[in-house]
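Each value in this text was obtained by applying a stated rule to the coordinates, not by laboratory testing. Treat the numbers as computed from the prediction; the structure is a model and nothing was measured. Reconstructed Cβ throughout: ideal geometry from the backbone, glycine too, with neighbour counts over all protein chains shown.
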Amino acid sequence: MIPIIMIIIYIGLSISGLVLMKLGGNPGSVSVAEGNINLGISFVSLIGFICYIGSFFLFTRMVVMFELSYIMPLTTGIVQVLSLISSKLIFKEEFTTTGIIGATIIIIGVVVLNWKVA
């Protein structure tokens, strides 16, 4: 049960990070003036960045726990499809025919990857 919870948290952090960084609308800037380092980033983008960093650290743990040939396509496929859905729901971006076909292929791939052969 713990591994499934880790995967869900990883996916949630990844999607949250991506969405919040885009919502923040600020790629950030770094400047050095008079010996001080200034980091210019919006609060929303910063929270998104923290979520994304958290997902990276969680993913490094999952790579150790699972077979890489399983965890990488599974999580990447789910994150890609949820990113597509988030872009439509939150940012009102348009679905393209090729995007829908691609998402369908990814979903089929994730199902086949998890198919248990008796």
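Laid out as a table, the results:
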{"quantity": "Residue that is nearest to Met6 (Cα to Cα) [pool: residues in region 100-118 that are small (Gly, Ala, Ser) and part of a helix (DSSP H, G or I)]", "calculated": "Gly109"}
{"quantity": "Residue in region 94-101 that is of a type in the set (S, T, N, Q) and touching a residue at least 12 places away in the same chain (Cβ under 8 Å) present", "calculated": "no"}
{"quantity": "Filter pass, Met21 being surrounded by 15 or more Cβ atoms within 10 Å (Cβ to Cβ) and without any contact (Cβ under 8 Å) to a residue 40 or more places away in the chain", "calculated": "yes"}
{"quantity": "Residue match in region 52-71 (condition: closer than 17 Å to Pro3 by Cβ, among the small types (Gly, Ala, Ser) and surrounded by fewer than 17 Cβ atoms within 10 Å (Cβ to Cβ))", "calculated": "yes"}
{"quantity": "From Leu82, Leu23, residue being under 22 Å from Ile4 (Cα atoms) and in a helix (DSSP H, G or I)", "calculated": "Leu82"}
{"quantity": "Test: residue in region 88-99 that is in a helix (DSSP H, G or I), among the aliphatic types (A, V, I, L, M) and closer than 19 Å to Met21 by Cα", "calculated": "yes"}
